[in-house]
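The values are calculated or read from the model by the stated rules, or taken from the named source; none is laboratory data. Note that the structure is predicted; figures quoted are calculated from it, not measured. Every residue, glycine among them, receives a Cβ derived from its backbone with ideal geometry; neighbour counts consider all protein chains shown.
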Amino acid sequence: MTTQDPNGSTTYDGASVGTERPGDRPRGGPRPVIVAGIAFFFGVGFSMSELILGMASALGIDHGDVLLPGWVLISVIMMPVVVGMGAGKLWAVRLFRWLSFGAMALYLPLLGLAFYLYAGPKAIDSGQAVVMFVMAVVKLPPLFILYRAIRTVRWLDPASLPHEWEPPYIQR
């Protein structure tokens, strides 16, 4: 229960927390955030690469033409998130959540794209489709870990207050 007294001080579950506001977290994160960061690389990274290579196959573009630009794009998107999360930046926490939810939302459409690439009497790119089916199985545990961490770890909630955060895994 949250209450606010006339001088602007907020009380949360009986403890006075002053006028706390959401913001940057302390450097490093609790253990579940570190595990979620590893799952982020697999779940989000594989989803992005599947999307790029699957769309290239569907559009008839050679994989060699999109491989380097695709990996550069994935690196440009994911590396700042990982570095920002390590520094505890609020913008990185928000981007981490958006990209994670995006990868979860892409799971079924990417399976549909794999079926499209494999379907018909003459498959468009059966090799890419098989890789996408295997990646769907490999991505399931990391996406589950991401979902569970986003729902349970207060450190990953951009609206959480500093007194709600779990302590860092490595105390500095």
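Per this entry, Ser57 is not counted among residues that are among the hydroxyl-bearing types (Ser, Thr, Tyr), closer than 20 Å to Arg94 by Cα and out of contact with any strand residue (DSSP E or B) (no Cβ under 6 Å at 6 or more places or on another chain). Being among the polar types (S, T, N, Q) and under 14 Å from Leu53 (Cα atoms) is the filter here; which residues of region 98-150 pass it? Across region 98-150, the qualifying residues are Ser126, Gln128. Evaluated against (1) under 21 Å from Gly43 (Cα atoms); (2) in contact with a Ser or Thr (Cβ under 9 Å, 6 or more places away or on another chain); (3) aromatic (Phe, Trp, Tyr), Tyr118 falls short on exactly one condition, (1).
Please tell me if Val138 is at pLDDT 95 or above, under 17 Å from Val35 (Cα atoms) and over 13 Å from the mean Cα position of the chain (by Cα). For Val138, the condition - at pLDDT 95 or above, under 17 Å from Val35 (Cα atoms) and over 13 Å from the mean Cα position of the chain (by Cα) - is met. Residues that are under 30 Å from Ile61 (Cα atoms), in a helix (DSSP H, G or I), at pLDDT below 95 and in contact with a Phe, Trp or Tyr (Cβ under 6 Å, 6 or more places away or on another chain) do not occur anywhere in region 151-169. Has region 160-167 got at least one residue that is crowded, with 18+ Cβ neighbours inside 10 Å and either of a type outside the set (Gly, Ala, Ser) or under 18 Å from Ser49 (Cβ atoms) (or both)? Scanning region 160-167 turns up at least one residue that is crowded, with 18+ Cβ neighbours inside 10 Å and either of a type outside the set (Gly, Ala, Ser) or under 18 Å from Ser49 (Cβ atoms) (or both). When residues in region 17-61 are screened for being within 16 Å of Pro142 (Cβ to Cβ) and among the hydroxyl-bearing types (Ser, Thr, Tyr), 2 of them pass. Can you list residue pairs whose Cβ atoms sit under 6 Å apart, with the first residue in region 107-135 being surrounded by 12 or more Cβ atoms within 10 Å (Cβ to Cβ) and the second being in a loop (DSSP other than H, G, I, E, B)? Count only pairs 6 or more apart in sequence or on different chains. Between residues of region 107-135 that are surrounded by 12 or more Cβ atoms within 10 Å (Cβ to Cβ) and residues that are in a loop (DSSP other than H, G, I, E, B), the close pairs are Leu117/Ile124; Leu117/Asp125. For the structure I just gave you, tell me whether Gly120 is on the phi > 0 side of the Ramachandran plot and among the small types (Gly, Ala, Ser). Yes. Where helices (runs of 4 or more DSSP H) fall wholly inside region 20-133, the ranges with 2 or more residues that are modelled with pLDDT of 95 or more, closer than 16 Å to Ile150 by Cβ and not charged (D, E, K, R) are 31-59, 90-118.
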